[in-house]
1. Around Ile239, which amide H atoms from residues at least 5 apart in sequence, or from another chain, sit under 5 Å from its own amide H, with H modelled in the peptide plane?
2. Toward the positive end of the charge dipole of segment 409-540, about the Cα centre and with charges on Cβ (Lys, Arg +1; Asp, Glu -1), which of Val449, Ala488, Leu535 goes farthest?
3. Which percent of the Cα-Cα distances in segment 362-469 go past 23 Å?
4. If you find the alpha carbon centre of segment 359-376 and of segment 100-133, how far apart are they in angstrom?
5. To the nearest 20 Debye, how big is the dipole of segment 210-361 about its Cα centre, given +1 on the beta carbon of each Lys and Arg and -1 on that of each Asp and Glu?
6. Each residue of segment 176-191 in order: what ³J(HN,Hα) in whole Hz does its phi give by Karplus 6.51 cos²θ - 1.76 cosθ + 1.60, θ = phi - 60°, with x for Gly and Pro?
7. Placing +1 on the Cβ of each Lys and Arg and -1 on the Cβ of each Asp and Glu in segment 387-446, which of His413, Ser432, Ala403 has its Cα farthest towards the positive end of the resulting dipole?
8. For the charge dipole of segment 212-357, defined by +1 on Lys and Arg C-beta atoms and -1 on Asp and Glu C-beta atoms about the Cα centroid, which residue among Ala217, Leu262, Val234 has the Cα displaced farthest towards the positive pole?
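Throughout, read-outs are computed from the coordinates displayed, never taken from laboratory work. Treat the numbers as computed from the prediction; the structure is a model and nothing was measured. FYI the Cβ positions are ideal-geometry reconstructions off the backbone, even for glycines, and counts take in every protein chain you see.
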Amino acid sequence: MSDKENEKFDDELLDTSGVIPNKIPSGVDRRSFLMRSAVVGAAAVMTGQVVSARSRTLKAFAESLPEQNPAPPLSSDLAVVKKGKGPVLTTIDEFYKVGPGPSSSHTIGPMRITYDFYQRATKLPADQLAKATALKVHLFGSLSATGKGHGTERASLAGLVGKEPATVDPLFLDSLRDKPDQTFPVKLGDKTVTVSLKDIIYDATKGDFKHPNTMTAKLMAGDQVLLEQEYYSVGGGFIEWKGYTPPKKNPPKYPFATMKELRAHADSNKISIAKVMLANEMSIAGRTEEEVFAFVDKIINAMVATVKSGLKMPEDDVLPGPIKLHSKAATVYKRAMDDTYQSDRGIGALSAYALAASEENGRGHLVITAPTGGSAGVMPALVFGLIENRKLPLQKVREGMLAAAAIGYLCKHHATLSAAEGGCQAEIGVASSMAAALVATANDAESRVVENAAESALEHHLGMTCDPVAGYVQVPCIERCAFGAVKAWTAYAIASNEIASRHRVDFDATVQALAQTAKEMNSKYKETSEAGLALSVVLC
Ligand code: SF4
């Protein structure tokens, strides 16, 4: 090579502007792109071959292409996708739901869906019902991929036979697991059809679905379809269907679509975030203060009950499913109580409370979506701790529940509560953020501290994937609830001890990051059990 050629060669390698474009190709992460470029350059030096900047760029791009598994886009006509426009109108009874575990989107949602279909079917004209021969439910997407581990088929059958999530006896669901061949009569007018688990069909896991949690329900007359409806379990036990329009609601007293607006109402009216939420609950749903708090009390009591029943389970109890996971809540609690150091006792007890409620979820017992079933150990742990350990007045915890709901509403409004859409950051991350707001509010923190605590807890869950082992909401979910609870307390501890105005990240920015991360997360990490721990953990 001549000196001139060498000079050109050196220049090409040194001048990175020719090699690395100002703009990294879309869909490629910057770090791996730069690494690939460097490797291609090094190879050129070692082999003595001149490689043009353009061909190095193209080669780096080709080798840096991410694994092709883009998350299927959600249909733009789903109400859950149209969120983010207009003020938050969610109400507390829509948000906190009591129902059987282990997953709000895979058990509570499907049970609400089939119950809804059962109700619709009963309204068909008598001559049509007289022809009915069968009820069929088809599960698609994530409901099909991980439904077996979640007990989706049992929940779906329970709804078809007229059972609702808040009142179903978990023993009924257990009996379906233990005796799967049972059949049940379903009365439709004068006609009775028989249903069993065979009528719940695990259908395609991949396809052009409007939502990853899609299902259809059909009333059949032989081969003829008398009634068919497509549904979506959109996270947190919320459901929609083809042609769904959200129910009409009254305008909120204090309209807000962001934390900034919510806090502005609180600060300008010199009231707490909880008071703003109370006023909105009353105006949107047309309820009295007593009615709002009566519902909140029901949820608080259910949360306390789930922790208590989890702690009471024998130390060697084995959770259902192939993992054969031993429960540990009671052991962790007992050992924590014996710990020499007070701080260790506190962390141990808080972890045990979260484990207790989450293990109840793993058993398929009744839990509370806050915001989901998988994350159902986080909020109850803090509620239980504030009531049983800190002995805070009930009213403080009630207000904390309202502030926590505001956090969940905003995450739902601008991002997602569904692991099938956003991974575990949307479940445990949101739960931890809600719990941080609960603790801050119950401790009379000012609105900025409530925001900062919620922001901090959410921030440190960003990017967390959902990869339940064997499709069961047990590993990593149960321990993850304990970590979410402890992180919530840490977030409050930091927020209440820093100078609030110096907190550099606002809650709205973190929710945007949650939404963006959810959008770009590889679909394998969205409750499909196709990657992460679900792949690396080998059950024997
Ligand atoms: S990993 Fe997280 S999001 Fe996924 S099922 Fe478990 S708790 Fe839910």
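1. Here Val234 satisfy the definition.
2. The residue sitting most towards the positive pole is Leu535.
3. Numbers: 1393 of 5778 pairs.
It works out to 24 percent of all Cα pairs.
4. Using only Cα atoms to place each centre, the spacing works out to 22 Å.
5. Working: 19 positive and 19 negative charges, 92 e Å.
In debye, rounded to 20, segment 210-361 gives about 440.
6. 5, 6, 6, 10, x, 8, 4, 10, 9, x, 10, 8, 10, x, 7, 9
7. Ala403
8. Result: Leu262, furthest along the dipole toward the positive end.
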